[in-house]
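The values are calculated or read from the model by the stated rules, or taken from the named source; none is laboratory data. What you see is a predicted model, and the numbers here were worked out from it, not measured in a lab. Note that we place each Cβ from the backbone using ideal geometry, even for glycine, and neighbour counts take in every protein chain shown. Heads up: the accessible areas ignore ligands, DNA and RNA and are worked out on the full protein's heavy atoms, side chains in. Shrake-Rupley method; radii C 1.70, N 1.55, O 1.52, S 1.80 Å.
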Amino acid sequence: MKDGYIKVAAATPKVRVADCPYNTKLIIGEMEDAKGKGVQILVFSELTISSYTCGDLFLQGPLLRDAKKGLLEITKATKGNSMIVVVGVPYIVHQKLYNCAAVIQDGNIMGLIPKTHLPNYNEFYEARHFARGKKKVEIIMIGDQMVPFGTNILFECEDIPELVIACEICEDLWVPLPPSTKHAMAGATIICNTSASDETTTKENYRRNLVSNQSARLVSGYIYANAGEGESTQDVVYSGHNLICENGTVLAEAKRFTNETIYAQIDLQRLSSERRRMTTFLDESEEEYFRIRFYMDIKETPLERNYPKTPFIPSDRKERDKRCDEILTIQAMGLKKRLEHTRCQHAVIGISGGLDSTLAVLVTARAFDMLGIPRSNMVCVTMPCYGTTDRTYQNAITLMKRLGANLKEINIIRAVEQHFKDIEHNADNHNVVYENSQARERTQILMDLANKYNGMVIGTGDLSELALGWATYNGDHMSMYAVNSSVPKTLVRYLVLYYAETTKDQALKEVLMDVLDTPVSPELLPPVDGVISQKTEDLVGPYELHDFFLYYMMRFGFAPKKLFRMAQKTFEDEYDIATIYKWLRTFIWRFFAQHFKRTCLPDGPKVGSVAVSPRGDLRMPTDASVNLWIQELEELKEELGLE
């Protein structure tokens, strides 16, 4: 359970119809296997003990007697084990038969949840045998145990406050207002569903969407265990299509017709963080709930789930291209509106031959095309100085020519040298004054040219630079509209790549590909033998790491230790633990220390779920203390044995 991870499983034994003793042995065997794998919540399919397809045999006393006997035997087998087991069983209460999910732990039946919605159409005829479950909870005797019985039961873990379990059964999920909706509003974070959904053509996709969408609406984990091979095939076939979802994401899915037990780790901290963030998620219900407290052994849970190295970028090529086109359109539409509102017919952009300015000019060209403004009204300015290399210079010129922009070249060396004289700075001292003077001189030129052309300065800085504060205050930090302000550096690359791969202009494609191949650099220090000497990622760290930290800290509020643990597993083939720790510390320190640059950002369009606009997504004081985060990093450093 370290860092909020809990290992769960959905199992479909190959049952025998109406053979409760046989099925009970299978269930206990699955429990032993799951225990050995460190599972903490195990969910079985609907009516597992008896099988689902018993038909009128559910009216026979021997079947129901042995089903109860099997339930007690399974309960006994859990003694000494804190794993939660949810198993399906037919059970008689007050001379009525109910389709139930029994929740068992450590030799105790903690609750018996009856099915609410009984399908009685097409191939289903459950109302012939079962009574509908009631919300009101009563206490019944099962063996020598007093057991709560009813639909409105929540199981709350004392050791793990984020873990609250509720159950619904098969058809309950398929109705307009599933019981799980109310369960989640009352606090449930994990929904367990014992199910027997038969297989027909195309039903697989519908079922997957149903489960994943419900987990998204409820901001919950959802464990769906479906009946499979072993059930009667007299009229229908069951595929064992098990699913484990988390807030809309399918974490694990069984291959159909295999009775596969699936495993996944659900991140309870992530769910809890998301619910706190979404103020429209009402953690309340008008209905009364019976709350059962339980304890669970806290284990050192090995991190088994995988995280994408580039969380801002889809792994699927088709989806990635679609996302890139959508983002370029959002950026261009934001600029289009701003140009229309201000009646600007010109845009002024500083062009360096680097990634960010390239993306900015591509977006501006798209906005101009939307408005019918000639691209020649894009005033693109290259301002060579001490660090400019021939490669970036030539790329900037070629790019502007291919786009049809108005290219201006203004060498700023003399202006910067005059500035050094004015402030009495030695030009041989390549400190922050040396670097920032160049950046501010460039911004001054762009602003004044915007006045000259009655135009607008288009900002080029990206989200990753803003998160790190890697910008010169009142230099490249400032513009009149910042089109890249919510696009992280890793995504900037893919946007430029997408443009290169979809353009019909071969010369434009070639220059864009060379821009992509050029090291990221502010080019403020003199080159060495004509080659870029100042590489940003050597100074502040790899952007793929920083974007990883940025996404999970901003999106879910994860703490440093958890961020490190996730990054260590995700990037284990690229970086050692000392390197990951170093750049994580750099990221967190700079994120807090440089926030003053973000509180006065120019306007810019939000394109994804993470942004740092002071007017929308990030409202924190500029003088907030970083001590709590640094303290956790110091503890982590000691745990890792780093110097």
Within the range 76-103, how many residues turn out to be crowded, with 23+ Cβ neighbours inside 10 Å and either more than 14 Å from THR48 (Cα to Cα) or among the charged types (D, E, K, R) (or both)?
1
Exclusive hit being more than 15 Å from the chain's Cα centre (by Cα) and either buried (at least 16 other Cβ atoms within 10 Å of the Cβ) or outside any helix (DSSP H, G or I) (or both), set LEU563, LEU601:
LEU601
Can you confirm whether the range 303-326 contains a residue that is under 23 Å from the mean Cα position of the chain (by Cα), open to solvent by 40 Å² or more (accessible area, probe 1.4 Å) and of a type in the set (Gly, Ala, Ser)?
yes
Pairs, please: C-beta under 7 Å, at least 6 apart or cross-chain, first residue within 14 Å of GLN418 (Cβ to Cβ) and in the range 431-444, second among the charged types (D, E, K, R) and buried (at least 20 other Cβ atoms within 10 Å of the Cβ)?
none
Is it the case that LEU642 is in a helix (DSSP H, G or I) and exposed (fewer than 12 other Cβ atoms within 10 Å of the Cβ)?
no
Just give me the residues in the range 243-265 being without any contact (Cβ under 8 Å) to a residue 24 or more places away in the chain and more than 22 Å from PRO13 (Cβ to Cβ), in sequence order.
none
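It is to be established whether one or more residues within the range 391-404 are open to solvent by less than 30 Å² (accessible area, probe 1.4 Å), touching a residue at least 60 places away in the same chain (Cβ under 8 Å) and over 30 Å from ILE327 (Cβ atoms). Walk me through it before giving the result.
Residues of the range 391-404 that are open to solvent by less than 30 Å² (accessible area, probe 1.4 Å), as a first pass: 392, 395-397, 399-400, 403.
Within this subset, residues satisfying the condition of being touching a residue at least 60 places away in the same chain (Cβ under 8 Å) are 392, 395, 399, 403.
If we keep only those that are over 30 Å from ILE327 (Cβ atoms) as well, we get none.
Checking the range 391-404: not a single residue is open to solvent by less than 30 Å² (accessible area, probe 1.4 Å), touching a residue at least 60 places away in the same chain (Cβ under 8 Å) and over 30 Å from ILE327 (Cβ atoms).
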Looking at the range 111-125, which of its residues are buried (at least 21 other Cβ atoms within 10 Å of the Cβ), under 19 Å from SER51 (Cα atoms) and in contact with a strand residue (DSSP E or B) (Cβ under 7 Å, 6 or more places away or on another chain)?
LEU112, ILE113, PRO114, LYS115
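Return yes or no: is ALA367 open to solvent by less than 30 Å² (accessible area, probe 1.4 Å), farther than 15 Å from VAL492 by Cβ and either among the charged types (D, E, K, R) or not in a strand (DSSP E or B) (or both)? Step through it out loud before you land on a result.
On the way: open to solvent by less than 30 Å² (accessible area, probe 1.4 Å): yes; farther than 15 Å from VAL492 by Cβ: yes; either among the charged types (D, E, K, R) or not in a strand (DSSP E or B) (or both): yes.
The answer is yes for ALA367.
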Tally of residues being assigned to a loop (DSSP other than H, G, I, E, B), under 15 Å from VAL540 (Cβ atoms) and open to solvent by less than 20 Å² (accessible area, probe 1.4 Å) across the range 468-522:
3
From (1) touching a strand residue (DSSP E or B) at 6+ places or on another chain (Cβ under 6 Å); (2) more than 15 Å from VAL89 (Cα to Cα); (3) in contact (Cβ under 8 Å) with a residue 60 or more places away in the chain, pick out the condition that doesn't hold for VAL164.
(3)
